[in-house]
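Asks: Handing you this structure, nothing more for now.
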Amino acid sequence: MLNIDLHCHSNVSDGVLAPADVVARAAANGVHALALTDHDDVDGLASARVAADAAGVILIPGVEISVTWGGQTVHIVGLRIDPRHPELAAGLGAIRKGRMARARRMADDLASHGIAGAYEGADAHAVNKQMVGRTHFARWLVEQGHAPDMRTTFKRFLTPGHPGFVEHEWTTLENAVGWIRASGGMAVIAHPGRYAFNPRQLLLFLDAFRALGGEGIEVITGSHHPSEYGKFADLARAFSLKASRGADFHAPGEGIDIGRLPALPHYCKPVWQDWPELASHFSLTHV
Ligand code: AMP
Ligand code: MN
Ligand code: MN
Ligand code: MN
């Protein structure tokens, strides 16, 4: 079987490994094709490309865009994007600007709850100074002893109703899907099981995404419990969406490793089924 992993992070966003090291880890784990999908930034793709060519890994240029839809944050993964496309690059730049203003407000909120110095603390954990996010705050909060681990940190802080959470308006679904498509890419709904939509909202969301030209949905992801795979495989089929697979790897020892998830259910149409960069692999494995 081809091992294809289409969702992971480097230290260009909230992962801990440099892009080249993410690629090396994928290669060591037996991954044939990898998409690097940093949050709201494509800066890691150039060095990931060099490493992928050297390691014989097929690199799919990707990004994970932060979106506000129906009052909730959702993530849209773009695959086979052109990172140099001006509209996409400008849109991501605007999101990063908003993200940094949010980081200041998060730190102010933590300070009002008696936790000072969070901005500087989170910033020290961020390699990319334009991309400070909740994960960086969480790593600092753990380091400072405010919580024992990342999971507990997100239960006590940084989530609705808890210190460090602030409302934030990301970009629109229309923008995210539009930029991805304008740059030649395919838009894919990231970890649909993570959103607090009721069943009706979920269907409306899938409809809206399809209407905008969205084409795929993650079925097998590190964010889904195995008991959810079937539900999202069925939804993919019902909405004529292609299925994707990705660990959403961030750091060694944190969550699921690259390329270590189960395969897509056999009745799913994979997002990669018509990708020319994989065609030679298909013919090779099928001889
Ligand atoms: P942000 O885009 O800055 O709001 O940060 C979102 C990121 O926070 C996600 O991509 C995850 O990496 C991380 N995250 C969110 N919720 C949790 C959680 N419960 N446990 C661990 N990491 C989380
Ligand atoms: Mn993340
Ligand atoms: Mn995500
Ligand atoms: Mn992710």
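Bear in mind these aren't lab numbers, they're just calculated from the coordinates by the rules spelled out. Owing to the predicted nature of the structure, the values given are computational and were not obtained by experimental measurement. Neighbour counts run over all protein chains shown; Cβ positions are idealised from the backbone, glycine included.
Asks: Are any residues in the range 1-34 buried (at least 23 other Cβ atoms within 10 Å of the Cβ), more than 15 Å from ligand 4 (Cβ to nearest atom) and more than 14 Å from ARG260 (Cβ to Cβ), and if so, which ones?
Replies: Within the range 1-34, VAL23 is the sole residue that qualifies.
Asks: Looking at the range 117-142, which of its residues are without any contact (Cβ under 8 Å) to a residue 40 or more places away in the chain, surrounded by fewer than 20 Cβ atoms within 10 Å (Cβ to Cβ) and part of a loop (DSSP other than H, G, I, E, B)?
Replies: Matches in the range 117-142: GLY117, LYS129.
Asks: Same structure again: Residue by residue through the range 87-96, note down the ones that are in contact with a helix residue (DSSP H, G or I) (Cβ under 9 Å, 6 or more places away or on another chain) and without any contact (Cβ under 8 Å) to a residue 40 or more places away in the chain.
Replies: The one that is in contact with a helix residue (DSSP H, G or I) (Cβ under 9 Å, 6 or more places away or on another chain) and without any contact (Cβ under 8 Å) to a residue 40 or more places away in the chain: ALA90.
Asks: While we're looking at this one, here's another question. Could you please tell me which pairs satisfy a Cβ distance under 9 Å, a separation of 6+ or placement on different chains, a first residue in the range 69-84 that is at positive phi, and a second residue that is within 16 Å of ligand 2 (Cβ to nearest atom) and in a strand (DSSP E or B)?
Replies: Close Cβ pairs (under 9 Å, with a partner that is within 16 Å of ligand 2 (Cβ to nearest atom) and in a strand (DSSP E or B)) amount to ARG80/ALA35; ARG80/GLY62.
Asks: Please work out which one of (1) within 16 Å of ligand 4 (Cβ to nearest atom); (2) on the phi < 0 side of the Ramachandran plot is the condition GLY255 fails and give its number.
Replies: With respect to (1) within 16 Å of ligand 4 (Cβ to nearest atom); (2) on the phi < 0 side of the Ramachandran plot, GLY255 is out only on (2).
Asks: Residues of the range 121-146 being farther than 23 Å from TRP69 by Cα and within 11 Å of ligand 1 (Cβ to nearest atom), which ones? It would help to see each step written out before you state the result.
Replies: Looking only at the range 121-146, we keep the residues that are farther than 23 Å from TRP69 by Cα, and these are 121-130, 136-146.
Passing the criteria: ALA122, ALA126, HIS136, PHE137, ALA138, ARG139, VAL142.
Asks: Would you confirm whether or not the range 239-254 contains a residue that is over 22 Å from VAL57 (Cα atoms) and of a type in the set (A, V, I, L, M)? Don't jump to the end; show me each part of the working.
Replies: Applying the first criterion (over 22 Å from VAL57 (Cα atoms)) to the range 239-254 yields 239-242, 253-254.
Of the ones still in play, those that are also of a type in the set (A, V, I, L, M) are 241.
Looking for residues that are over 22 Å from VAL57 (Cα atoms) and of a type in the set (A, V, I, L, M), one finds at least one in the range 239-254, hence yes.
Asks: Shifting gears a bit: Mind checking whether some residue in the range 21-33 is touching an Asp or Glu at 6+ places or on another chain (Cβ under 9 Å) and within 17 Å of GLY133 (Cα to Cα)?
Replies: Checked the range 21-33: no residue is touching an Asp or Glu at 6+ places or on another chain (Cβ under 9 Å) and within 17 Å of GLY133 (Cα to Cα).
Asks: If you check every pair at least six apart or on different chains, which have Cβ atoms under 7 Å apart with a residue in the range 1-14 that is farther than 12 Å from ALA247 by Cα first and a residue that is within 12 Å of ligand 4 (Cβ to nearest atom) and of a type in the set (S, T, N, Q) second?
Replies: Once the first residue is farther than 12 Å from ALA247 by Cα and sits in the range 1-14, its partners that are within 12 Å of ligand 4 (Cβ to nearest atom) and of a type in the set (S, T, N, Q) give ASP14/THR135.
Asks: Name the single residue that is nearest to ARG80 (Cα to Cα) among those in the range 11-43 being of a type in the set (S, T, N, Q) and within 11 Å of ligand 2 (Cβ to nearest atom). Walk me through it before giving the result.
Replies: Of all residues in the range 11-43, those of a type in the set (S, T, N, Q) come to 11, 13, 29, 37.
Keeping just the survivors that are within 11 Å of ligand 2 (Cβ to nearest atom) gives 13, 37.
Working: SER13: 19, THR37: 10 Å.
So, considering only residues that are of a type in the set (S, T, N, Q) and within 11 Å of ligand 2 (Cβ to nearest atom), the one nearest to ARG80 (Cα to Cα) is THR37.
Asks: Looking only at residues in the range 186-207 that are within 27 Å of GLY133 (Cα to Cα) and away from ligand 4 (no atom under 16 Å from the Cβ), which one is nearest to the chain's Cα centre (by Cα)? I'd like the intermediate steps shown before the answer.
Replies: Quick first cut of the range 186-207, residues within 27 Å of GLY133 (Cα to Cα) only: 186-198, 201-202, 205-206.
From the residues that got through so far, the ones that are away from ligand 4 (no atom under 16 Å from the Cβ) too are 186, 196-198, 201-202, 205-206.
On the way: MET186: 14, ALA196: 17, PHE197: 19, ASN198: 22, GLN201: 21, LEU202: 19, PHE205: 18, LEU206: 18 Å.
Across the range 186-207, the extreme among qualifying residues is MET186.
Listed here are the residues, each with its yes/no results for (1) more than 30 Å from LYS242 (Cα to Cα); (2) of a type in the set (A, V, I, L, M, F, W, C).
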position	(1), (2)
GLY62	no, no
GLN72	no, no
LEU79	no, yes
ASP82	no, no
MET100	yes, yes
ALA107	yes, yes
ALA122	yes, yes
ALA126	yes, yes
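Asks: Which condition does GLY98 not pass, out of (1) more than 16 Å from ligand 4 (Cβ to nearest atom); (2) crowded, with 21+ Cβ neighbours inside 10 Å, if it passes all the others?
Replies: (2)
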